[in-house]
Amino acid sequence: MAHQGTTGVSRPAASSAGAAEADLRKLTPVRLWLYAVAALIVAMVVVGGATRLTESGLSITEWKPVTGALPPLSEADWQAEFDRYKTIPQYEILNKGMGLDGFKRIYWWEWGHRLLGRLIGVAFLLPFLYFVWRGLVRGPLLMRCLGLFVLGGMQGAVGWWMVASGLTERVSVSQYRLAVHLTLACIILAAIVAVARSLSPKGQVSGGTGLRLAARGLVLLTLLQIFAGGLVAGLDAGMAYNTWPLMDGHFIPPADQLGAMSPWWKNLFENALTVQFDHRMIAYALWGGCALNLRACRNAPLQVGRSAAVLFVMVSLQALLGIATLLFQVPLHVALTHQLGATLVLIAATLHAAGLSSAQKPAAALPAAA
């Protein structure tokens, strides 16, 4: 039997835990790098929201992942870009007669959005290669980071797939593709935060099955709400039914209005009334779920209770922002704050879920620093 110290912890176990914690502290630069990339993704989501709200997302009609990093550098270049924009339906139907100065205003939003995407790619890839070379990122952590990089590449392709939907027969992008693009960005955000959290020297706190499933369920429900928000944005559904808590005089609109389209499933994605109603109902479910989760965590370890409380506060503030966005008919600054709030709620939900484990996980199970 191992000799026990006065604290009741066996010396070999204490020694192992101390070594594991030291290994994780060596991974602090990796953890900070991942959180920095997560912050850039948050900025990307907000700028993407501004690009949509200013109707700027179709101003660049070609996908040039490398050469497109440079904006037009001469008046001739600007005129060429403008001439390409004039060939799409959005110009012909919505912006006919727009001058070059007006085009430049919408162009810079879209160019900035794409530049941020490129910056995220560089900010991820170069430190990643350095950390691999130094031996800090290897084993399971290496595979997780490679997975994140692949998802990032997919996001770029999905972004162009979204833009392409608005270049021929529409004056805006498909709400389906917009919702997928937004949700994939947030899935990447949640994944990178979870990986970063796994490298924290604080470690995880043992939680029961119920708490762990509830925490993970809240992450999924948050992502579902973000997808629903993408549909609302794509349909401009927030511009109508600008009352709360009633919609057109009803808390639950009549069934013939919610199901006006045929087949029935199209209402979930194309009926502005139904899409906004679903977004409201998911918000109520998320708020209630976070309230119940906070109550369930009242006897949990302090770390768990705090993260549950932070999540509940964030969801409550986000709900108020959503109501304000609706009542004031989607003003730019309020709508962008609401979009920022969605990413912060997702981060809070992810950190809460990632801080729970089925049992005390030894830090040594993670890749050790060289």
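Here, each number is a calculation from the coordinates, and none is a lab measurement. Worth saying up front: this structure is predicted, and the values here are computed from it rather than measured. Here Cβ is always computed from backbone atoms with ideal geometry, including for glycine, and neighbour counts include all displayed protein chains.
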Checklist entry - So how strong a dipole does the chain carry about its Cα centre when Lys and Arg Cβ are +1 and Asp and Glu Cβ are -1, to the nearest 20 debye? => result 1660 debye
Next on the checklist: With volume of the Cα convex hull per residue in Å³ as the read-out, I listed [x] 156; [y] 129; [z] 171; which label goes with the value calculated from this structure?
Outcome noted: [x]
Checklist entry - Can you work out ³J(HN,Hα) from phi for every residue in region 241-246, in order, using Karplus 6.51 cos²θ - 1.76 cosθ + 1.60 and θ = phi - 60°, giving whole Hz and x for Gly and Pro? => result 6, 8, 10, 8, x, 8
Item to check | Fraction of the pair-distance distribution of region 205-354 above 23 Å, Cα-Cα pairs, percent | outcome: 39 percent
Item to check | Quarter of the Cα convex hull surface for region 77-143, i.e. its orientation-mean projected area (nm²) | outcome: 6.9 nm²
Checklist entry - What is the percent of Cα-Cα separations in region 47-164 that go past 26 Å? => result 32 percent
Checklist outcome for this item: For 181-188, 70-77, ranked highest to lowest by mean beta-carbon neighbours within 10 Å, the order is 181-188, 70-77
Next on the checklist: List the trypsin sites (Lys or Arg not before Pro) within region 169-241 that DSSP assigns to loop and that have no more than 13 neighbouring Cβ atoms inside 10 Å.
Outcome noted: Lys202
Item to check | Sorted by Cβ neighbour density within 10 Å, fewest at the top, the residues Ser262, Ser59, Ser174 | outcome: Ser262, Ser174, Ser59
Checklist entry - What are the ³J(HN,Hα) values, in whole Hz, obtained from phi via the Karplus relation 6.51 cos²θ - 1.76 cosθ + 1.60 with θ = phi - 60°, for each residue of region 87-96 in sequence order, with x given for Gly and Pro? => result 8, 9, x, 4, 5, 4, 9, 9, 10, 4
Checklist outcome for this item: The answer for the chain, counting only DSSP H helices whose Cα atoms cover 18 angstrom or more along the axis and whose Kyte-Doolittle average is -0.5 or greater, is 28-53, 100-134, 140-164, 175-198, 209-235, 272-296, 302-327, 332-354
Next on the checklist: Taking the beta-carbon count within 10 Å as an exposure proxy, list Thr61, Thr274, Thr209 from fewest neighbours to most.
Outcome noted: Thr209, Thr61, Thr274
Checklist outcome for this item: Counting only residues 5 or more apart in sequence or on a different chain, those whose built amide H sits under 5 Å from that of Lys86 are none
Checklist entry - Which aspartates and glutamates have a Cα less than 15 Å from the Cα of Lys104, not counting those fewer than 8 places away in the same chain? => result Glu55, Glu75, Asp77, Glu81, Asp83
Checklist entry - Leaving out same-chain residues fewer than 8 places away, which aspartates and glutamates sit with a Cα under 14 Å from that of Lys202? => result Glu21, Asp23
Checklist entry - Which number comes out as Rg/Rh for region 219-264 once both Rg and the Kirkwood Rh are worked out on C-alpha atoms? => result 1.02
Next on the checklist: Starting from the 7 Å offset along Cα-to-Cβ, what nm value, one decimal, do you get for the label separation of Glu75 and Trp133?
Outcome noted: 4.6 nm
Checklist entry - Ser357's amide H: which non-local residues (gap 5+, or another chain) put their own amide H closer than 5 Å, with H modeled 1.01 Å from N in plane and none for Pro or chain starts? => result Val205, Ser206, Gly207
Next on the checklist: Could you work out the relative contact order of region 249-309? I mean the mean sequence separation of Cα pairs under 8 Å and 6+ apart, divided by the number of residues, in percent.
Outcome noted: 18 percent
